[in-house]
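The values are calculated or read from the model by the stated rules, or taken from the named source; none is laboratory data. Just so you know, these numbers come straight off a predicted model, no measurement behind them. Cβ placement follows ideal geometry from the backbone for every residue including glycine, while neighbour counts extend to all protein chains displayed. These accessible areas exclude ligands, DNA and RNA; they are computed on the full protein's heavy atoms, side chains included. Shrake-Rupley method; radii C 1.70, N 1.55, O 1.52, S 1.80 Å.
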Amino acid sequence: MGFNEVRKDYLLERWVVIATERGRRPTDFAKKEREQAKTSVCPMCPGNEHMTPPAVLAYLKSGRSIKKAKDKNGSRHKNWLIRCVPNLYPAFAPPKEKLTQKQIMKNDNLAVAVGHHEVLIESPNHDEHPANARIPQLTHVINGYIDRLREFSAKPYVRYISIFRNHGIEAGTSLSHAHSQIIAMPFTPQIVEQELNASKRFWKQKKKCVFCEIMKNELDGPRMILENSRFVVFAPYASVNPIEFWIIPKKHQTTLLDLSPTEVKAFAETLKTCLGGLKRVVNDPPYNYGFHLTMNKDARDYYHWHLEVYPKLAVWAGFEKSTGVYINTVTPENAAESLRKTISS
Ligand SMILES: [Zn+2]
Ligand SMILES: [Zn+2]
Ligand SMILES: [Zn+2]
């Protein structure tokens with residue numbers, strides 16, 4: 001009998017047992033029917049705009065171009081393409097008055113939760129998820145991320161901006177209308193901090209970006225999923241989630257703010273292709289995705305933004321929660337092979 005492999009993340013101090021011995025095929029996870037979130041009235045559908053707080057940003061169709069607007073007072077813009085609204089139950093809320101850094105970070109283990117928590121409604125069409133979105137519409141979504149990122153980056157109390165998406169009930173969303181969330185927060189979260197520290201160490205030793213190196217090493221390897229002129233998609237070596245994949249720009253960039261309009265469109269296409277592939281391989285599984293980026297100017301040489309996609313196909317229980325060691329029953333190599341085949345067929 002052989003052994004399973006225990007793999008360590010490229011950068012994090014995180015180990016995962018990869019079940020190479022009696023692993024599962026990605027298609028083992030396909031279910032016939034997945035439960036849909038049921039809502040009688042969808043607060044995100046057109047016509048129900050009054051059910052949400054006023055939009056802080058809406059893209060409106062204006063002839064052949066896009067007009068950007070905000071809802072004012074009691075009124076709500078109609079005929080929007082995307083709209084961004086404050087979360088009704090924000091984890092982080094804007095300060096009512098100017099706060100000093102000392103008032104925010106009270107001491108080493110206490111901060112006040114200042115920041116922003118918003119929902120980006122991705123389309124007037126309830127079911128226009130990235131896997132089946134029209135490319136121009138998905139391009140608006142990415143541009144919406146970028147607009148909010150730009151606004152939040154300028155706030156003195158914001159240290160990090162998390163842009164993420166929950167898809168499906170098991171992945172934590174209560175509303176099935178296509179939407180993403182954006183959280184601006186007063187500190188850098190642990191995983192990104194660890195990536196920053198590790199990539200900085202690598203830079204000091206080798207004068208190279210570790211993410212550019214990872215990408216180069218994965219190209220043409222068994223975990224490669226897709227390569228086009230702007231992006232590379234692969235299943236990471238020590239994936240903790242079955243069928244996890246990352247999308248990374250070929251050009252060295254630290255944040256989405258560095259994307260040109262052409263690159264935004266290419267990113268939308270890449271995202272749609274990969275999430276569409278995932279949807280076909282596992283019959284529209286629940287998933288989460290999140291961007292890792294930095295606004296730290298000092299990190300310009302050594303950090304490289306990417307999107308991490310985590311299909312929600314396993315349950316993390318006692319072992320994972322108590323040890324921080326994971327068990328992944330699908331090898332990243334098998335995951336990549338399945339996605340590659342589906343995407344190219
Ligand atoms: Zn809806
Ligand atoms: Zn790089
Ligand atoms: Zn990352």
>> I'd like to verify a number: residues in region 197-215 that are within 13 Å of ligand 2 (Cβ to nearest atom) and either more than 22 Å from the chain's Cα centre (by Cα) or assigned to a helix (DSSP H, G or I) (or both), how many?
In response: 13
> Among the numbered criteria (1) assigned to a loop (DSSP other than H, G, I, E, B); (2) of a type outside the set (Gly, Ala, Ser); (3) open to solvent by less than 10 Å² (accessible area, probe 1.4 Å); (4) in contact with a strand residue (DSSP E or B) (Cβ under 8 Å, 6 or more places away or on another chain), which single criterion is violated by VAL330?
Replying inline: (4)
> Inside region 216-309, counting only strands (runs of 3 or more DSSP E) that do not spill past its ends, which hold 3 or more residues that are surrounded by fewer than 22 Cβ atoms within 10 Å (Cβ to Cβ) and at pLDDT 95 or above?
Replying inline: 224-227, 287-292
>> Being out of contact with any Phe, Trp or Tyr (no Cβ under 9 Å at 6 or more places or on another chain) and more than 16 Å from ligand 1 (Cβ to nearest atom) is the filter here; which residues of region 161-180 pass it?
In response: GLU170, GLY172
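Scan region 15-32 and tell me whether some residue there is in a loop (DSSP other than H, G, I, E, B), within 16 Å of ligand 3 (Cβ to nearest atom) and open to solvent by 60 Å² or more (accessible area, probe 1.4 Å).
no
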>> When you scan region 4-12, do you find a residue that is modelled with pLDDT of 95 or more and in a helix (DSSP H, G or I), even just one?
In response: no
>> Taking the condition of being in contact with a Ser or Thr (Cβ under 9 Å, 6 or more places away or on another chain) and more than 22 Å from HIS129 (Cβ to Cβ), how many residues in region 252-277 meet it?
In response: 4
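Residues are listed down the side, and each one gets a yes or a no for (1) of a type in the set (Phe, Trp, Tyr); (2) touching a residue at least 60 places away in the same chain (Cβ under 8 Å):
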residue	(1), (2)
ILE142	no, yes
ARG150	no, yes
SER174	no, yes
HIS179	no, yes
ILE182	no, yes
VAL192	no, yes
SER199	no, yes
PHE202	yes, yes
LYS216	no, no
> If only one of ILE182, ILE142 is in a strand (DSSP E or B) and open to solvent by less than 10 Å² (accessible area, probe 1.4 Å), which one is it?
Replying inline: ILE182
> Based on what the data block shows, is LYS200 of a type in the set (Lys, Arg) and more than 16 Å from ligand 3 (Cβ to nearest atom)?
Replying inline: no
> Under 6 Å by Cβ, and 6 or more places apart or on different chains, what pairs join a residue from region 307-320 that is in contact (Cβ under 8 Å) with a residue 60 or more places away in the chain with one that is in a helix (DSSP H, G or I) and away from ligand 1 (no atom under 16 Å from the Cβ)?
Replying inline: LYS312/GLU170; LYS312/ALA171; LEU313/PHE29
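From the list GLY290, GLY318, GLY276, exactly one residue is away from ligand 2 (no atom under 16 Å from the Cβ), over 18 Å from PHE164 (Cα atoms) and not charged (D, E, K, R). Which is it?
On the way: GLY290 fails: over 18 Å from PHE164 (Cα atoms); GLY276 fails: over 18 Å from PHE164 (Cα atoms).
Only one candidate passes the filter, namely GLY318.
Give the number of residues within region 177-187 that are within 20 Å of HIS140 (Cβ to Cβ) and not β-branched (Val, Ile, Thr).
Number satisfying all stated conditions: 5.
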